[in-house]
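Data first, discussion second: the structure below is written as structure tokens.
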Amino acid sequence: MSELAGVTSLASNALKQEELFPIREVSRLTGVNPVTLRAWERRYGLIQPTRTDSGHRLYSQADIDAVRSILAWIERGVAVSKVGSILAKSASSRTAPAPAYSEVSGDDWSQWQEQLRSALQHFDEASVARLYGQIFSCYPLPVVFQDILMPVWQELLLRQDDPGQRSEWLMLDAFLRGRCWQRLQLGRDESRQRVLLVALPNHCRELELLVAALLLGSHDIDVTVMGPGTPLTDLALVCERMQPHALVIFSQQPPGDELPRQLTRLALGLQCPLLLAGEGADLAEESLAGSPIACLGSEARLMQRRLQQFLAGHLDT
């Protein structure tokens, strides 16, 4: 009993002072059972928790984020044995320096996320709307979506088999889709450069596409979204009629072997540049090197900056 008390005390102190979490808390937060967490560590090296003197695992917030990323790729159909190389390649592509506001403590974000989870658990849409407004009053749009709201959305999506989780996810998904469409419509300005954003079929959910549109837009770029399911074979005709300054293809899935050839054929039939954005862009960048397709990546601030540079003629494919 004394050893158990010592471990509990150590875990508590670590949690407070070093933001480390025992395995049972990580299991509660992510929905992954301890046996699976240990297997991901031992067999695949996907997470590397620290150890107490007595050998008990303690996980950082970065470890928890890694677990959620692993779950996201598995949910997209990727075998767990391949997730490690995907995460490494995705991380290595995110080399741009982050702006000063990224130094805001993740603790602040987690507090907002806890309030949002509580509102969703009570199916209190009024509180969700109030929190949404409060969060926007505190942070820039990239932080609001990429660092605060979308992680909660992804967490609920991955835990839909748990009682009540699917209904909570449906409420948050519907709410955010409505607010995203509203922001896109209110931000319309025909004087700006027009970019058409289209998802590869079955490569993302509608909310992910709408959030990408908000993240890509800026004071000189107006983003028009075509909903998920638009066939690649229609895009040359669509662009001929709409005449956008660029076509951005969005993908959250690992690229298939045929994707580089498909996109290259599409690019040759367009009168505007073709770009690729999302997690798929991070993973396809190497295979598209030397092609006419530019990769914008998936990190919010980097995507927008690369798009601006490309439209200004300062970024090569």
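Read-outs throughout are calculated quantities, based only on the coordinates presented, and are distinct from any laboratory measurement. Every value quoted in this text rests on a predicted model; they were computed, and no experiment measured them. Backbone-built Cβ (ideal geometry, glycine too); neighbour counts: all protein chains shown.
The table that follows gives values for the structure above.
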{"read-out": "In nm, spacing of pseudo-spin labels at E286 and H122 (7 Å Cα→C-beta vector)", "value": "5.0 nm"}
{"read-out": "Nearest-20 debye value, the chain charge dipole, Cβ charges on Lys, Arg, Asp, Glu", "value": "340 debye"}
{"read-out": "Cα shape, region 214-272, gyration tensor, a/c 1.5 rule", "value": "oblate"}
{"read-out": "Mean Cβ neighbour count within 10 Å, used as a protection proxy, ranking 270-276, 176-182, 56-62 highest first", "value": "270-276, 56-62, 176-182"}
{"read-out": "Order of E286, E168, E41 under a 10 Å beta carbon neighbour criterion, fewest first", "value": "E286, E41, E168"}
{"read-out": "Column: log10 I(q)/I(0), Debye, Cα scatterers of region 189-317, q = 0.11 Å⁻¹", "value": "-0.31"}
{"read-out": "Computed Kirkwood radius, in angstrom, where 1/r is averaged over Cα pairs of region 104-183", "value": "12.7 Å"}
{"read-out": "Relative contact order (%) - the chain, alpha-carbon pairs under 8 angstrom, separation at least six", "value": "12 percent"}
{"read-out": "FRET efficiency estimate (nearest 0.05) - Cβ-Cβ, L232 to R28, R0 41 angstrom", "value": "0.45"}
{"read-out": "Top positive-direction residue, dipole computed over the chain with Cβ charges, set A300, G55, V78", "value": "V78"}
{"read-out": "For the chain, the Rg and Dmax computed from alpha carbons only, in angstrom", "value": "21.0, 74"}
{"read-out": "Principal-axis tilt of helix 300-311 within the chain, Cα atoms, nearest 10 degrees", "value": "20 degrees"}
{"read-out": "FRET efficiency, R192 to K82 (Cβ-Cβ, R0 41 Å, nearest 0.05)", "value": "0.55"}
{"read-out": "Tail beyond 13 Å, pair distance distribution of region 235-299 (Cα, percent)", "value": "58 percent"}
{"read-out": "Net lengthening on full extension, I74/Q134 (0.36 nm per residue, minus Cα-Cα)", "value": "18.3 nm"}
